[in-house]
Amino acid sequence: MTSPAPPPPAPTASHGPPRRVLVVEDDPTVAEVVTGYLSRAGYATEHAADGFTALDRAAAFRPHLVVLDLMLPGIDGLEVCRRLRRADGGAAVPVVMLTARGEEADRILGLELGADDYVTKPFSPRELVLRIGSVLRRAESVPPAAHSPVLRAGDLTADPGGRRADRAGRELTLTAREFDLLVFLMRHPGQVFSREELLHRVWGWEFGDLSTVTVHVRRLREKIEDDPAAPALVTTVWGAGYRFDPAEGAAAP
């Protein structure tokens, strides 16, 4: 980790208590730095040093976000992420993973399990706080309904104000990033966006691992397409990016 700079302020609910963050990290030095930095940024923090303790603390502490190292004693971070998702029916608390540089395959698997973001070790504590703030803002932002019309494409519906989506009357279980990606694409039907553009406009990143977008598109297709292997809604434009193709007769917002 690099030398810490003054932390940015933590996002809080309007006139409410600070956001709660559970830090799951077995390295005591890293855990001390991360929890201390988050505390100075205004978050309420708790620490767990192994996977089983993390699941117990998540149930009791009810964090707004979990910072989760992949390499843990007991059960690893991937299994912790899987169980957190299962515990809340798939929606679960937002997760920011901590990964080593050589763990690309595990990082992609973590994203496939529903992790919302990741930070690669060694990392800047300030970057971690900024990433946490970004994930929390997206997970907790509820735009005024008057400015967020319900989006419809055939039997697919997304309500940005209520942050819920359904297909043929069945509510979809989407992570915060999956929901943001769906809403963005539905708001721009017929337009092609490269992975770089989606990373910037949906994630708010100026640069990053483009596989993040690829994995989230794949997961979104698994939840909204009749046949994810032959997608009809979120289509690939080879050499250009992705395009949302509304079903025939879809109602415009």
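The values are calculated or read from the model by the stated rules, or taken from the named source; none is laboratory data. Not measured: the values here are computed from a predicted model. No Cβ is skipped: glycine too gets one built from the backbone with ideal geometry, and neighbour counts run over all protein chains shown.
Residue count for the stretch 46-75, restricted to those that are modelled with pLDDT under 90 and at positive phi: 1. Evaluation of M1 against the conditions (1) over 12 Å from L128 (Cβ atoms); (2) at pLDDT below 60; (3) in contact with a strand residue (DSSP E or B) (Cβ under 8 Å, 6 or more places away or on another chain) shows that the sole unmet condition is (1). Inclusion of E178 among residues that are modelled with pLDDT under 90, closer than 15 Å to F244 by Cα and not hydrophobic (A, V, I, L, M, F, W, C) is warranted. Look at (1) assigned to a loop (DSSP other than H, G, I, E, B); (2) crowded, with 20+ Cβ neighbours inside 10 Å and you find that D209 fails only one, number (2).
Among the residues of the stretch 120-143, none qualifies, meaning not one is outside the structural domain of M71 (by TED's automatic domain parsing), acidic (D, E), modelled with pLDDT of 75 or more and surrounded by fewer than 19 Cβ atoms within 10 Å (Cβ to Cβ).
Would you mind stating whether V93 is surrounded by 19 or more Cβ atoms within 10 Å (Cβ to Cβ), modelled with pLDDT of 75 or more and in a helix (DSSP H, G or I)? Against the criterion (surrounded by 19 or more Cβ atoms within 10 Å (Cβ to Cβ), modelled with pLDDT of 75 or more and in a helix (DSSP H, G or I)), V93 does not qualify. Determine if the stretch 226-233 includes at least one residue that is under 15 Å from R177 (Cα atoms) and in contact (Cβ under 8 Å) with a residue 40 or more places away in the chain. The answer is no, given that none of the residues of the stretch 226-233 is under 15 Å from R177 (Cα atoms) and in contact (Cβ under 8 Å) with a residue 40 or more places away in the chain.
Here the stretch 236-249 is the region considered, the condition is being over 17 Å from V202 (Cβ atoms) and either without any contact (Cβ under 8 Å) to a residue 40 or more places away in the chain or in contact with a helix residue (DSSP H, G or I) (Cβ under 9 Å, 6 or more places away or on another chain) (or both), and the residue that is surrounded by the most Cβ atoms within 10 Å (Cβ to Cβ) is P246. Evaluate the stretch 48-58: report whether one residue or more is more than 24 Å from I108 (Cβ to Cβ), among the hydroxyl-bearing types (S, T, Y) and in the same structural domain as D106 (by TED's automatic domain parsing). Yes, the conditions are met somewhere in the stretch 48-58.
In summary, A251 fulfils each of the numbered conditions (1) more than 19 Å from P149 (Cβ to Cβ); (2) in a loop (DSSP other than H, G, I, E, B); (3) at pLDDT below 90 with the single exception of condition (1).
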